[in-house]
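Visitor: For reference, the structure I am asking about is given below.
The values are calculated or read from the model by the stated rules, or taken from the named source; none is laboratory data. Note that this is a predicted model, so its numbers are computed, not measured. Counting neighbours? That spans all protein chains shown, and the Cβs are built from the backbone with ideal geometry, glycine included. We work out accessible area using only protein heavy atoms, side chains counted, and drop any ligands, DNA or RNA first. Shrake-Rupley method; radii C 1.70, N 1.55, O 1.52, S 1.80 Å.
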Amino acid sequence: MTPHEPWWIALLEALIVVNIVLGLFAYLTLIERKLMGRMQLRFGPNRAGKFGLLQPIADLLKLIRKEAFAPESAIDLPYILAPIVSAFTAIAAFAFIPYGPG
């Protein structure tokens, strides 16, 4: 962030980078699943959209609709925050990569 740049521009840049990274992960997973399908002499994901290109979105919707459960002995706050913290730290590592001048 340069001294003359407003804070919201840096936030917008960070959101763009995070969304590109997450989209890249989703479609790299799709490519991996298709390659594994071909290696096993089957088609792989091909139901959602043309050539299965909407499969990551279908997987996201399926994940959101799944029934949530927790062990009875789990403490609620750490049980809910643990995946959020781990995902945040993995994605935040991309914030240290310089994408622009300076």
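Visitor: How many residues are under 11 Å from Pro56 (Cβ atoms) and surrounded by 11 or more Cβ atoms within 10 Å (Cβ to Cβ) when one looks only at the range 9-30?
Guide: 8
Visitor: Something else: Quick check on my filter: what residues within the range 22-78 are acidic (Asp, Glu) and modelled with pLDDT under 80?
Guide: Within the range 22-78, Glu67 is the sole residue that qualifies.
Visitor: Suppose we filter the range 1-31 for residues that are aromatic (Phe, Trp, Tyr) and in contact (Cβ under 8 Å) with a residue 12 or more places away in the chain; how many remain?
Guide: Step one: of the range 1-31, the residues aromatic (Phe, Trp, Tyr) are 7-8, 25, 27.
Narrowing further to those that are in contact (Cβ under 8 Å) with a residue 12 or more places away in the chain: 27.
Here the count works out to 1.
Visitor: Are any residues in the range 44-57 open to solvent by less than 50 Å² (accessible area, probe 1.4 Å), farther than 13 Å from Leu28 by Cβ and touching a Gly at 6+ places or on another chain (Cβ under 8 Å), and if so, which ones?
Guide: Those that are open to solvent by less than 50 Å² (accessible area, probe 1.4 Å), farther than 13 Å from Leu28 by Cβ and touching a Gly at 6+ places or on another chain (Cβ under 8 Å): Gly44, Pro45, Gly52.
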